[in-house]
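The structure appears right after this line, and notes come after that.
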Amino acid sequence: MAGLLAALARVQGWLLGAVLLVEHFDRHRSGPRIIWALAVGFGPLAWLAINEVAYGDPLFFVGQQAGHFYHSLTAPWLVIGDLVAGIASGHDPRWPMIYLAPLVAYGVLGGVAIWSVRARRSRPAYAAYALLALVVLASVTWPISAPRYVGAIFPVFIALADVGRNRRIWLATMAVSGALLLVFTVMFTAGGWAF
């Protein structure tokens, strides 16, 4: 039921249907509990029905996102190629925020997906969620929010906790995190958080 509510609230909630199916077949193989994984599909259907009733077009939001936020969907390799080209051109002084940050976010999510497949403490559903999130996030043509969205992908924190068991990695992570906190705090107080 929570998956259905998540799918009603955000597009990222739609990914839960596939993830819950993977989890179900990994744990139970078959049975009546599969209905809860399939219930997630009613979230997007209800969302599309609401748009149809309210606006006369079930995909009304797609046009609004393209018109107002310059968001549209395309192949992930094209988005990543555009980000790399933006960094290589060096024309925009905001390139670390606009081009590099989404690439780093994709790299982190890709690393988490690899960890999810290989780690003993992981589950196949974690790998499915990380991979689906990576594909969805890398398919948006204006991916400036990708780093923020990666913060909502729960396998990231499980992977960080697992990797952080190593004392040296933990100390390095704390040093880098502290330095970045200082840099970003200075940027924020100087007004660098706004375009």
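The values are calculated or read from the model by the stated rules, or taken from the named source; none is laboratory data. All values reported here derive from a predicted model rather than from experimental measurement. FYI the Cβ positions are ideal-geometry reconstructions off the backbone, even for glycines, and counts take in every protein chain you see.
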Members of the range 140-195 found to be closer than 19 Å to Pro93 by Cα, exposed (fewer than 13 other Cβ atoms within 10 Å of the Cβ) and either of a type in the set (S, T, N, Q) or at pLDDT 85 or above (or both), listed by number: Val183, Val186
Listing of helices (runs of 4 or more DSSP H) fully contained in the range 14-106 that carry 3 or more residues being small (Gly, Ala, Ser): 42-55, 60-68, 76-89
Odd one out for Ala146 among (1) part of a helix (DSSP H, G or I); (2) not assigned by TED's automatic domain parsing to the domain that holds Ile98: (2)
Some residue of the range 89-100 being in contact (Cβ under 8 Å) with a residue 24 or more places away in the chain, buried (at least 18 other Cβ atoms within 10 Å of the Cβ) and of a type in the set (Val, Ile, Thr): no
Residue in the range 80-87 that is closer than 30 Å to Val183 by Cβ and within 18 Å of the chain's Cα centre (by Cα) present: yes
Hey, Ala85 outside the structural domain of Tyr106 (by TED's automatic domain parsing) and loosely packed, with under 13 Cβ neighbours inside 10 Å or not: no
Of all residues in the range 30-65 being over 25 Å from Leu20 (Cβ atoms) and of a type in the set (Phe, Trp, Tyr), the one that is modelled with the lowest pLDDT: Phe60
Subset tally (residues that are over 20 Å from Val135 (Cβ atoms), touching a helix residue (DSSP H, G or I) at 6+ places or on another chain (Cβ under 8 Å) and not aliphatic (A, V, I, L, M)) for the range 32-46: 3
